[in-house]
Amino acid sequence: MTEQNEITQVIQSRIEKLNWFIENGYKPFEYRFDKKDAIHDIIERFEKEESEFPVSTAGRITANRIMGKAGFFDITDVSGKVQVYIRKDQIPEQDFEVYKHLDVGDFAGVTGTMFRTHKGEISILCKSIILLTKSLHPLPEKWHGLKDKELRYRKRYLDLLVNPEVKEVFITRSRIINSIREFLNSRNFLEVETPMLQFVPGGAAARPFKTHHNALNSEIYLRIAPELYLKRLIVGGFEKVFEINRNFRNEGMDRNHNPEFTMLELYQAYADYNDMMLIVEDLFINICETLYQKKELAFNEFPNINLAKPWKRISMEDSFEEFAGFSVKNKSITELQAMLEEKDKVKQEKLGKVIEKLFEVFVQPKLIQPTFITDYIKDSSPLTKVHRNDDRLVERFEVFIAGMELGNAFSELNNPWDQKERFEEQVKDLEAGDDEAQRMDYDYVNALEFGMPPTGGLGVGIDRLIMFFTNAPSIRDVILFPLMKPEI
RNA sequence: GGGCCAUUAGCUCAAUUGGCAGAGCAACUGACUCUUAAUCAGUAGGUUGAAGGUUCGAUUCCUUCAUGGCCCA
């Protein structure tokens, strides 16, 4: 209990029961229990055998129906829930006293034999019971659960405790990440870990979190992306690497953004962005088939999103003609800026940024089925190779599903002189006040000078991917402890 | 950053035109040896998010603040 909690009537009664255990020689916070059986397993075994067998299990009491000299209570562990039937004439006298001093929320250990009640419910006939941990607070209401979103995010343990579908989301999250690892390992990608603390925060257009290293007496940043380190590893001779880990961006929060979020980045030598598209298709299909044994699923208001390949590929410029009903090719930057300001009250200087903003407004919401948008304007993508057929463009794509951006990939720029010039352009923007512009990273340029083979790179926002596969409306529903403002 | 909405018992929610702060679950006491949202009888539980203001009187109207949600940027 913390200082902010008052002793309410309910808590007082639980403290009195806790004291009863102490006075009678029990430990209200036991050391261990020999839990032999997971609840799911004993129910499954009884369904098969339909015979009485002894069990020893433990979990949290989640319901209690006491009837004088007998009672039924539900005990829940991570695998499931089982009903326990306890009657005074079947257990030591003192154990029934123990039962009477238990509350919903307490952890208990139970031994007994499996049987089926007259009403047909598979249950444990209790032979002994022990309190393992006393719970001092009442659980949220058994019927309505915990609905208040603020409480659910701040006290996620309660949300997990009383809302079973929340537990399912995070189990699915783990399964998805496992399946990504298996997919990449099976293709001989090496999982690596690169620095979270970086002196030059690079690899993305974002504002970093700044902190201070005491021993070096130096400013240091939380990473906004692992990109520049992963590509150093390609210089170092690894040919396929990936990292699944946290990025930090000092930006606002909404249903698609949390300041810390999980990113998959992978790099493959001798590959280009076309190869990355093939990986994205296979990766998503692999996840979907692992989870649901099919290639279609519903997300949000879209009942049928079909992941069967090949996914649509269309260039950024062409996408306007197809989805927005106008062309950007024959328009001057001034015309495009005017359109953007009219629609969005936003002013952007560079052609690439103007077109991307227009794209966000006019095209992105219409990209429901999986779509690769390819070939961005050069000035907004400083780490990307110039397009082999059009030097106004770069070889970059982003992948969209259900109007949501889920990934970003390039043919990686590996010409050190070109890279240096692009950084210099970015530094000019930074000095002109664009706080998302990238910084000069001489060490990275130096690495490229040693030679990086042609390389394809891909980044996938894991939280959004999990939103998609679990049909979650907000990123806060797929992050266990989303960032919240402190109370008071 | 802007707009709208919310905040009442541990939880889920009420409260008519501004007129005694209410229910269900949880808790407590009693009855009850096959219940499962157990049942029956009774009891207790509130600084109505915070601070001001208007008023004889504020959960209700006004202002500011805090936190959250939704939408927009």
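The values are calculated or read from the model by the stated rules, or taken from the named source; none is laboratory data. Because the structure is a prediction, the values reported are computed rather than measured. Because the Cβ atoms are built from the backbone with ideal geometry, glycine has one as well, and the counts that use them run over all protein chains shown. Surface accessibility is based on the protein's heavy atoms, side chains included, excluding ligands, DNA and RNA. Shrake-Rupley method; radii C 1.70, N 1.55, O 1.52, S 1.80 Å.
Restricting the search to region A:430-451, which residues are open to solvent by less than 50 Å² (accessible area, probe 1.4 Å) and either touching a residue at least 40 places away in the same chain (Cβ under 8 Å) or within 15 Å of A:Leu383 (Cα to Cα) (or both)?
A:Ala437, A:Gln438, A:Met440, A:Asp441, A:Tyr444, A:Val445, A:Ala447, A:Leu448, A:Gly451
What pairs can you find where one residue is in region A:358-372 and among the aromatic types (Phe, Trp, Tyr), the other is part of a helix (DSSP H, G or I), and their Cβ atoms are less than 6 Å apart, with a gap of 6+ or different chains?
These pairs meet every condition: A:Phe362/A:Ala324; A:Phe372/A:Met277.
Only residues that are more than 7 Å from RNA strand B (Cβ to nearest atom) and at positive phi: list them for region A:470-488, please.
Answer for region A:470-488, where residues must be more than 7 Å from RNA strand B (Cβ to nearest atom) and at positive phi: just A:Asn471.
I'd like to verify a number: residues in region A:176-187 that are in contact with a Phe, Trp or Tyr (Cβ under 9 Å, 6 or more places away or on another chain) and open to solvent by less than 30 Å² (accessible area, probe 1.4 Å), how many?
Count: 4.
Determine if region A:392-413 includes at least one residue that is within 16 Å of RNA strand B (Cβ to nearest atom) and free of Cβ contacts under 8 Å to residues at least 60 places away in the same chain. Write out each step before concluding.
So in region A:392-413, the residues within 16 Å of RNA strand B (Cβ to nearest atom) come out as A:402-405.
This time we only want the ones that are free of Cβ contacts under 8 Å to residues at least 60 places away in the same chain, so: A:403, A:405.
Yes, region A:392-413 has at least one match.
Rundown of residues vs (1) open to solvent by 50 Å² or more (accessible area, probe 1.4 Å); (2) under 29 Å from A:Val460 (Cβ atoms); (3) modelled with pLDDT under 95, yes/no style:
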position: A:Lys147; (1), (2), (3): yes, no, yes
position: A:Asp159; (1), (2), (3): no, yes, yes
position: A:Ser174; (1), (2), (3): yes, yes, no
position: A:Asn217; (1), (2), (3): yes, no, no
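Considering region A:126-163 alone, what residues qualify as being within 10 Å of RNA strand B (Cβ to nearest atom), touching a residue at least 60 places away in the same chain (Cβ under 8 Å) and outside any helix (DSSP H, G or I)?
A:His137, A:Pro138, A:Leu139, A:Lys142
Quick check on this structure: which one of A:Ser327, A:Ser319, A:Ser381 is open to solvent by less than 60 Å² (accessible area, probe 1.4 Å) and assigned by TED's automatic domain parsing to the domain that holds A:Arg422?
Numbers: A:Ser327 fails: assigned by TED's automatic domain parsing to the domain that holds A:Arg422; A:Ser319 fails: assigned by TED's automatic domain parsing to the domain that holds A:Arg422.
The conditions single out A:Ser381.
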